[in-house]
1. Rounded if a/c is under 1.5, else prolate if a/b is larger than b/c, else oblate: which is the range 84-223, with a ≥ b ≥ c the root eigenvalues of its Cα gyration tensor?
2. Amide H of SER260 versus every other amide H placed in the peptide plane: which residues, excluding those fewer than 5 positions away on the same chain, fall under 5 Å?
3. Going by the alpha-carbon gyration tensor, a ≥ b ≥ c the square roots of its eigenvalues, is the range 393-445 rounded (a/c under 1.5) or, if a/c is not under 1.5, prolate (a/b greater than b/c) versus oblate?
4. At a 10 Å Cβ-Cβ cut-off, how would you order GLU38, GLU473, GLU414, GLU83, fewest neighbours first?
5. Can you give the extra length, in nm with one decimal, that the chain gains between LYS172 and SER276 once fully stretched, where that is 0.36 nm per residue apart less the Cα-Cα distance?
6. Whole-Hz Karplus ³J(HN,Hα) for the range 365-371, in order, using 6.51 cos²θ - 1.76 cosθ + 1.60 and θ = phi - 60°, x for Gly and Pro?
7. Please label the shape of the range 22-150 as rounded, prolate or oblate, based on the square roots a ≥ b ≥ c of the eigenvalues of the alpha-carbon gyration tensor (a/c under 1.5 means rounded; beyond that, a/b larger than b/c means prolate, else oblate).
8. Apply the Karplus curve 6.51 cos²θ - 1.76 cosθ + 1.60, θ = phi - 60°, to the phi angles in the range 389-397 and return the couplings in whole Hz, x for Gly and Pro.
Amino acid sequence: MRQHSDKLAHSIGIGETSVAEIAIGKYIKNNYGIALAEHQQATLVCAIKKICNKFNYPDASALYLDMVDNVVTTQVMELLIDEITVGETYFFRDSKQMALLRNKLLPELIQNKQQQQNKTLRIWSAGCSSGDELYSVAIILRELIADISEWNIHLVGTDINLVLIQQALAGKYSHHALRKVDNTIASRYFSRSGDSYQLTSEIMQMAKFSYLNLIDDYYPSFINEINNIDLILCRNVFIYFSEPTIRDVLNKITQCLTESGVLMLGASDYWGENISGLEKLVADDVCYFQRGVLTLNDIIEAINPDKKKYTANTTHSVTGNRLNAEGEQEIISEVTNEDAQIKLDKSDKLIQVFEQQHSKDSINAIVEASQQLATAGKVDEAIASCKKALEIDEMDINCNYLYGQLLAEKNLTEEAVSVFKKIVYLAPKMPEAHYYLGVLSFRNGNKDRAIKHMMNTVTLAKQKASDAQVLNESNMTYSRLAEIVEHEITIYSEIR
Ligand SMILES: C[S@@+](CC[C@H](N)C(=O)[O-])C[C@H]1O[C@@H](n2cnc3c(N)ncnc32)[C@H](O)[C@@H]1O
């Protein structure tokens with residue numbers, strides 16, 4: 001155990017165990033976003049005692065000092081978080097909500113997508129615990145969609161608790177977790193092995209799981225695929241959060257929803273207030289929230305919350321000579337007209353104009369407009385415009401990177417891999433490209449290669465200025481990326 005300064009020891013009151021425990025509670029709240037209520041203090045005290053015994057800390061004060069000195073190991077913190085976040089969950093939890101999903105919300109979503117000839121579904125279980133909730137949705141989709149192999153289905157589960165994510169990835173459940181699963185479904189999608197039940201690979205392959213702290217991390221985000229979500233389930237997670245935190249999390253979650261996207265909270269999470277930007281709806285006694293029509297500013301805010309307005313000065317300063325000032329003004333002023341609810345087809349117009357100028361500025365402008373299209377779910381259009389920009393300069397790193405991200409999002413794994421390999425060739429020290437190669441290798445079943453790429457990502461991200469921003473991820477710093485990827489390495493290392 002390391003030596004700590006007397007001053008710091010005095011400041012938290014060594015020997016006054018309760019003070020140290022309160023301080024640990026505050027540290028966990030500030031760093032992990034988990035706010036324990038009064039009645040949960042006993043759980044915290046108990047968890048601290050367990051950790052102290054296991055890792056030979058003489059008392060809570062010593063543990064706290066390691067935390068503030070930033071020398072506490074990830075293993076200690078993970079186990080502490082594991083002890084205090086009770087991931088209670090089970091398949092088809094809350095039968096009324098599940099019935100509404102199966103009978104109304106998912107069939108409507110599927111039908112709308114079919115009408116739009118866009119067979120893509122994006123569903124996020126935020127605070128997914130051991131995956132039971134997300135896999136329940138996967139099973140419902142498997143039952144509802146006859147031609148499911150023709151669909152591009154993204155089911156993403158995220159949690160702060162790495163042990164629970166590993167359980168989700170293992171897909172092994174107790175009889176207790178299946179208590180609300182009807183027999184036909186159980187025999188179709190689970191196989192019994194001893195006392196446990198193994199989910200079929202058909203369902204497991206539909207879902208991805210990763211680490212995300214709802215409090216700390218920036219989302220919407222391309223890098224963790226949390227963007228343009230059609231349905232978000234964030235049920236029974238808010239019990240850990242204070243009211244201002246809930247408000248903040250709800251605001252960020254709302255930004256992740258696509259136009260008409262639906263948010264479902266846990267039945268007891270509902271706290272009687274309206275959620276800004278969402279319409280509250282009730283069907284069959286179940287409350288859910290729906291996002292309305294998106295304006296261009298909603299989309300820009302989702303890409304970069306600091307950049308509220310799309311203006312000529314702040315967004316595109318076009319220097320090319322093929323576009324005269326009058327033409328440029330016309331387009332920009334159209335786009336800035338917020339009252340007219342101008343939407344994304346304006347991005348298409350901008351792309352057409354910029355395409356005519358074969359300059360670096362025009363590529364940057366096309367990339368930014370493509371990103372707006374992508375953020376609004378127009379992935380095919382965004383891919384097409386990236387291709388056009390690459391015709392102007394096939395070596396442009398930003399354009400290749402966005403192009404690779406979009407291909408990865410469309411599950412065009414081989415094409416995406418070759419784009420990221422090209423980026424690594426052009427810019428060997430770019431952590432983001434190594435990260436994607438890691439994710440894609442894991443997707444291809446090559447765990448060892450995935451871990452190697454992830455480790456490169458951490459090394460390279462740590463070489464960057466810690467507060468520098470990850471490309472296309474406003475607010476995500478390289479130091480946070482390094483931490484997240486370290487979590488992913490822990491998850492990947494122990495699984496499959
Ligand atoms: C009670 S479980 C709910 C699981 C599932 N949504 C359900 O309703 O069955 C709550 C989950 O929220 C997770 N959680 C708590 N704080 C979190 C945070 N700040 N970010 C992400 N997940 C968090 C916990 O680890 C736990 O797995």
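Read-outs throughout are calculated quantities, based only on the coordinates presented, and are distinct from any laboratory measurement. Only a predicted model underlies this, so the values are computations on that prediction, with no experimental measurement involved. For neighbour counting, all protein chains shown are included, and Cβ atoms are generated from backbone atoms with ideal geometry for every residue, glycine included.
1. Here the range 84-223 falls in the oblate category.
2. HN-HN under 5 Å from SER260: ARG291, GLY292.
3. Working: a/c = 2.13, a/b = 1.36, b/c = 1.56.
Since a/c reaches 1.5 but b/c is at least a/b, the shape of the range 393-445 is classed as oblate.
4. Least to most surrounded, the residues fall as GLU38, GLU414, GLU83, GLU473.
5. Contour length minus Cα-Cα distance gives 33.6 nm.
6. Once rounded to whole Hz, the list reads 5, 5, 4, 5, 5, 5, 5.
7. Numbers: a/c = 3.51, a/b = 2.88, b/c = 1.22.
Cα axes put the range 22-150 in the prolate bin.
8. Values per residue, Gly and Pro as x: 5, 5, 5, 6, 8, 6, 9, 4, 5 Hz.
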